[in-house]
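Let me begin by presenting the structure, written as structure tokens, before commenting on it.
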Amino acid sequence: MTMAKTIFITGASRGLGRIWTEAFLKRGDQVVTAVRNPDSLDRLAKEYPASMLVLKLDVTDRNACFDAVAKAKTHFGAIDALINNAGYGHMGAIEELNEEEIRAQIETNVFGLLWVTQAVLPIMREQKSGHIIQLSSALGVITIPTMGIYSASKFAVESIGETLAAEVSGFGIKVTILEPNGFSTDFSSASLAQSKPIAAYDDVRNALYASIKPEDSGVPEATADAVLKLVDAENPPLRLILGKVGFPWFKHTYDERVKTWEEWQDVSVAAHGK
């Protein structure tokens with residue numbers, strides 16, 4: 001039987017984060033949820049008063065992130081796993097994005113993840129154990145038109161996670177980058193921000209919409225078992241795809257990249273100069 005763990009998770013008020021929070025609580029783990037709107041978790045907090053701590057947190061506030069993590073450590077005595085799930089998507093062609101939209105996307109998806117990670121690391125180093133799970137996306141590996149700034153934020157999450165894994169392995173800390181493909185949550189509806197459209201990109205948008213197949217969206221609840229197994233793994237993977245669509249996308253993309261690099265090898269080698 002797996003021993004109960006203490007999980008700190010951001011962005012747990014809805015979607016995948018909420019599903020995972022409920023799964024952890026149901027099996028007897030202790031969960032700290034750091035969310036913008038604590039009221040959204042009232043029912044769960046009443047159902048699990050001893051094993052759930054709900055904290056109000058805007059992850060873009062670095063000091064608040066450190067305060068929230070300190071409260072979690074004081075309350076439960078340890079943090080075994082961090083799931084950096086807070087984030088949202090922004091849709092807009094590169095030309096359509098305004099400065100405020102770009103900064104907001106990066107502030108939440110990249111800086112927010114960094115601040116919580118930095119706050120948790122000293123605790124995990126002292127424990128000589130811990131598992132940091134960074135929420136990337138299939139769009140952290142590949143790109144699609146009109147999702148460029150979201151992809152940029154998730155490409156950053158990929159590089160931060162991979163670098164962190166190499167830096168902290170000697171401290172007993174594991175790192176996993178989660179790469180979900182599309183799931184039937186409100187990510188693509190209520191949670192999706194959109195730029196003011198420029199008509200010149202309407203054909204690009206319409207082609208994207210036409211390519212979307214309903215069967216490509218996974219069932220959100222089906223991810224819970226995968227995340228529980230991941231948290232329990234003695235040797236968790238650096239990367240884990242959630243869903244069946246991601247791997248074929250990735251393989252095709254990397255095959256094309258390798259093909260291009262090989263075709264241009266003569267030019268690349270000549271550019272070395274010696």
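A few notes on this one:
- H272, H90, H252 arranged by Cβ crowding within 10 Å, fewest neighbours leading: H272, H252, H90
- Under-5 Å amide H pairs with G89, H placed in peptide plane, nonlocal only: A193
- Ordering I241, I177 by the number of other Cβ atoms within 10 Å of each residue's own Cβ, fewest first, gives I241, I177.
- 0 to 90° range, to nearest 10: angle between helix 202-211 axis and the chain longest Cα axis: 60 degrees
- Once you divide the Cα radius of gyration of the stretch 1-148 by 2.2 N^0.38 Å, the number left is 1.09.
- Separation of the stretch 5-78 and the stretch 242-274, taken as the distance between their Cα centroids, equals 40 angstrom.
- Angle between the chain longest axis and helix 148-168 axis [Cα atoms, degrees, rounded to 10]: 60 degrees
- Built amide H within the under 5 Å cut-off of R239, gap 5+: I177
- A DSSP coil position with no more than 16 other Cβ atoms inside 10 Å describes the following chymotrypsin sites (Phe, Trp or Tyr not before Pro) in the stretch 177-274: W264.
- The ranking of R43, R14 from fewest to most other beta carbons within 10 Å of each one's beta carbon is R43, R14.
- Evaluating 6.51 cos²θ - 1.76 cosθ + 1.60 at θ = phi - 60° for every residue in the stretch 12-26, the Karplus couplings come out as 9, 6, 7, x, 4, x, 5, 4, 5, 4, 5, 5, 5, 5, 4 Hz, glycine and proline recorded as x.
- Stokes-Einstein D in µm²/s, Kirkwood radius over Cα pairs - the chain at 37 °C with 0.692 mPa s viscosity: 166 µm²/s
- Annotation: lysines with alpha-carbon distance below 27 angstrom to K196 (same-chain offsets under eight excluded): K154, K213.
- Kirkwood estimate for the stretch 47-114, i.e. one over the average of 1/r between Cα atoms, Å: 14.1 Å
Just so you know, all these numbers are worked out from the coordinates, no wet-lab data involved. Since we're looking at a predicted model, the values are computed, not measured. Counting neighbours? That spans all protein chains shown, and the Cβs are built from the backbone with ideal geometry, glycine included.
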